[in-house]
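Each remark here refers to the structure printed beneath this line.
Read-outs: derived from the displayed coordinates by stated rules, not from any lab. All values derive from a computational prediction rather than experimental measurement. Here the Cβ is made from the backbone with ideal geometry for all residues, glycine too, and neighbour counts use every protein chain on show.
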Amino acid sequence: MPTTEKTAPRAGSAAAAREDVLNMLIADHKRAKKSFKDFEKLDAQKQADACKELVEQTCAELQVHTTLEEEIFYPAVRQALKEQDLLDEAEVEHASAKQLIEQLQSMQQQGQLDGKFSATFTVLGEYVKHHIKEEEGELFEQCEKAGTKIDWAALGEQMKARKAELMEELLPQPAVAADQRNQA
Ligand SMILES: [Fe+2]
Ligand SMILES: [Fe+2]
């Protein structure tokens, strides 16, 4: 009898490999959303150091994620999809986020940790949440249609390797920060 229930893809299948790739990106999205939520709970004046650290860590993590998507994930999906609009929009959204991240980093370097700094991070959060919604809601759905036009297993391996390099290069203190955040 036909069933509409969604079952987990068979281990080792192309669908399972695709899910691994998408789950890797979704895990980053969840982390980013949690960071912006955590920031809302902080008092910018009384907890200035915690704010600064959270902004620094989140911006670095977003740089890892967006670089990974731009260098590897988007091009792989682009060559497999007929519809290019979503990817074009995604790249424009990344560019806007990048500008805000650069502004935040220069504000931090110059010690301008005022209301504008918090506002900039809040606006970045709004952009990022919108972008995540489009990726998870639309782009990832298109990825399912791309099927075997993408070698998902190879893509996953390539992304894991590059992510490790980017984390090493860009994150201020990956292990410590991740542990602390998990306890929060
Ligand atoms: Fe993403
Ligand atoms: Fe993205």
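To the nearest ten degrees, helix 14-41 and the longest principal axis of the Cα atoms of the chain are 20 degrees apart.
In terms of the Cα gyration tensor, with a ≥ b ≥ c the square roots of its eigenvalues, is the range 26-105 rounded because a/c is under 1.5, prolate because a/b exceeds b/c, or oblate? Prolate, because a/c is 1.5 or more and a/b exceeds b/c.
Treating the beta-carbon of each Lys and Arg as +1 and of each Asp and Glu as -1, no other charges, what is the dipole magnitude of the chain about its Cα centre, to the nearest 20 debye? The partial results should precede the final answer.
On the way: 23 positive and 35 negative charges, 94 e Å.
Here the chain has a charge dipole of around 460 debye.
In this label model, K133 and A15 are separated by 2.9 nm, measuring between points 7 Å along each Cα→Cβ vector.
When each of the peptides 132-141, 16-25, 62-71 is scored by how many other beta carbons lie within 10 Å of its residues on average, the order from highest to lowest is 62-71, 16-25, 132-141. In order along the range 154-161, the Karplus-derived 3J(HN,Hα) couplings, from 6.51 cos²θ - 1.76 cosθ + 1.60 at θ = phi - 60°, round to 5, 4, x, 4, 4, 5, 4, 5 Hz, and Gly and Pro are given as x. The slack between R31 and S96, meaning 0.36 nm per residue of separation minus the straight C-alpha distance, is 21.4 nm. Dipole of the range 16-183 computed with +1 at Lys/Arg Cβ and -1 at Asp/Glu Cβ about the Cα centre; of A119, A16, P75, farthest Cα towards the positive end is A119.
Its Cα gyration tensor gives the chain an equivalent ellipsoid, and the semi-axes of that ellipsoid, as √(5λ) in whole Å with the largest first, are 33, 17, 16. Model label sites at D151 and D49, defined 7 Å from Cα along the beta-carbon direction, differ in position by 5.0 nm. Over 23 Å apart at the Cα level, from the set K82/K129; K30/K149; K98/K129; K30/K133; K41/K116; K98/K133, are K82/K129; K30/K149. Shape of the range 1-63 from its Cα gyration tensor (a ≥ b ≥ c, root eigenvalues): rounded if a/c is under 1.5, otherwise prolate when a/b > b/c, or oblate? Judged from the Cα gyration tensor, the range 1-63 comes out prolate (a/c at least 1.5, a/b above b/c).
With θ taken as phi - 60° and the Karplus curve 6.51 cos²θ - 1.76 cosθ + 1.60 applied, the whole-hertz 3J(HN,Hα) list for the range 121-130 is 5, 5, 5, 4, x, 5, 4, 5, 5, 4 Hz, x standing for glycine and proline.
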